[in-house]
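FYI, it's all coordinate maths here, none of it is from the lab. This one's a predicted model, so the numbers in the text were calculated from it and none came from an experiment. FYI the Cβ positions are ideal-geometry reconstructions off the backbone, even for glycines, and counts take in every protein chain you see.
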Amino acid sequence: MTRLVRIGTRGSQLALWQANEAANKLTEQGYRTAVVTFKTTADKRQDVPLAAIGGKGLWVKELEEALLRGEIDIAVHSLKDVPSIIPDEFILAGFLERADPRDAWVNINGTPIASLPDGALIGTSAPRRRAQIRTLYPRLRIEDIRGNVDTRINKLRAGLYDGAILASAGLTRLGRSSEITSYFSIDEMLPACGQGIIAIETLRSGSEIAACINHQPTALAARCERGVLQKFGTLLDCYSACAVHATQEGRTITIRAFFGEIEGDRTIRVTRSGEDADALIEDVYRALVDEGAMELVGAAG
């Protein structure tokens with residue numbers, strides 16, 4: 001009998017879409033699949049800022065515990081929600097092909113962000129978005145916005161915010177691309193590490209399940225982006241305003257990195273290209289440190 005693969009996921013609409021996408025890929029490889037949903041602490045506590053209850057890592061931690069208990073065989077995550085360092089007993093064993101990694105501007109009336117009046121209120125919970133928006137549009141106000149895609153858009157419709165910044169991949173996957181007013185270019189708003197990538201986490205002893213659906217170019221991008229952040233060890237947390245994005249053309253890999261202050265004005269941007277991923281990761285890390293990234297990391301804490 002064909003092996004059954006139990007796929008662990010959060011119960012949000014987007015998380016279920018991602019889990020079902022992984023299930024479809026595994027089915028194509030001959031596996032039987034079952035999606036198992038979990039409601040995490042981060043899902044239950046929508047009334048407080050995510051950073052105050054442990055950050056996005058909470059979404060991952062409780063699925064990891066299910067892996068350890070043997071309740072699921074794989075866990076499916078948005079890679080941008082996965083901490084750069086995970087416990088040794090787990091491995092990110094597969095990555096599905098990356099969707100559009102850009103951030104999207106959403107305004108109910110279709111008003112460009114540049115046309116908003118001074119003091120308009122922008123919703124985003126990501127420190128790296130806050131830091132970059134402060135640089136691009138210092139005259140706008142920024143406040144946290146929690147909830148799934150529907151919840152955030154409903155908050156816009158209720159007039160609680162003048163607009164919000166969301167990942168375009170999530171909107172597109174949910175059939176909500178019509179809500180997008182415009183896209184930020186990669187140079188304007190560097191995406192989060194892993195944005196647009198669906199990651200499959202397993203126990204190290206069960207990594208072969210995900211290998212058959214791994215998209216190698218996406219895996220390389222994930223390795224490069226996470227590799228830069230891993231160089232900072234445990235210094236980075238959910239308050240850190242940082243972003244890393246990797247692309248490849250032919251044999252040439254390009255890594256772009258951003259570090260900034262959430263409330264201040266100081267920012268660091270580094271871009272490096274090369275063919276050796278490990279050497280390039282080290283080069284980007286060294287350049288960030290030389291530009292003062294350690295001071296920014298310390299300020300964030």
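A simple rule links phi to the HN-Hα coupling: the Karplus curve 6.51 cos²θ - 1.76 cosθ + 1.60 with θ = phi - 60°, which for region 269-277 gives 10, 10, 10, 9, 10, x, 10, 9, 4 Hz, with x for Gly and Pro.
Taking a point 7 Å out from the Cα of W17 in the direction of its Cβ, the residues of region 186-219 whose backbone N falls within less than 18 Å of it are 192, 194-200. Suppose the chain between S115 and D150 were pulled fully straight at 0.36 nm per residue; how much longer would it get relative to their current alpha carbon spacing? Gain on stretching S115 to D150: 10.1 nm. Close amide H pairs (under 5 Å, H built 1.01 Å from N) link V82 with no residue at least 5 positions away or on another chain.
Per-residue 3J(HN,Hα) values for region 65-75, derived from phi via the Karplus relation 6.51 cos²θ - 1.76 cosθ + 1.60 with θ = phi - 60°, read 5, 5, 4, 5, 6, x, 7, 9, 9, 9, 10 Hz in sequence order (x marks Gly and Pro).
Checking the cross-link filter: which aspartates and glutamates have an alpha carbon closer than 17 Å to that of K61, excluding same-chain neighbours under 8 positions apart? Qualifying aspartates and glutamates at Cα under 17 Å: D43, E71, D73, D81, D88, E89, E201, D237. Between the amide H of R98 and those of T218, distances stay under 5 Å, these residues lying 5 or more places away or on another chain, with hydrogens modeled in the peptide plane. The stretch between E71 and I186 holds 37.5 nm of extra length on full extension. This uses 0.36 nm per residue minus the Cα-Cα distance.
Mark the label point 7 Å from the Cα of L220 along Cα→Cβ and return the residues of region 91-117 whose backbone N is within less than 19 Å of it. Counting backbone N atoms under 19 Å from the label point, the list is 93-101. As a size descriptor, the averaged projected area of the C-alpha convex hull of the chain was calculated at 15.3 nm².
Hey, what number do you get for the chain at 222 nm if only DSSP H runs of n ≥ 4 count, each worth -39500 (n - 2.57), divided across all residues, to the nearest 500? Before the final figure, lay out the partial values.
Details: 10 runs with 99 residues, N = 301.
Helix contribution divided over all residues of the chain: -9500 deg cm²/dmol.
First select every other residue whose beta carbon is under 11 angstrom from the beta carbon of R266; then total the charges, Lys and Arg +1, Asp and Glu -1. If you can, show how the numbers build up before the last one.
Details: positive: R134; negative: E261, E263, D265, E291, E295.
In short, -4.
With charges only on Cβ, +1 for K and R and -1 for D and E, what is the dipole size of region 97-146 about its Cα centre, in debye, rounded to 20? Display every interim value, and only then the final one.
On the way: 9 positive and 6 negative charges, 37 e Å.
Dipole size: approximately 180 debye.
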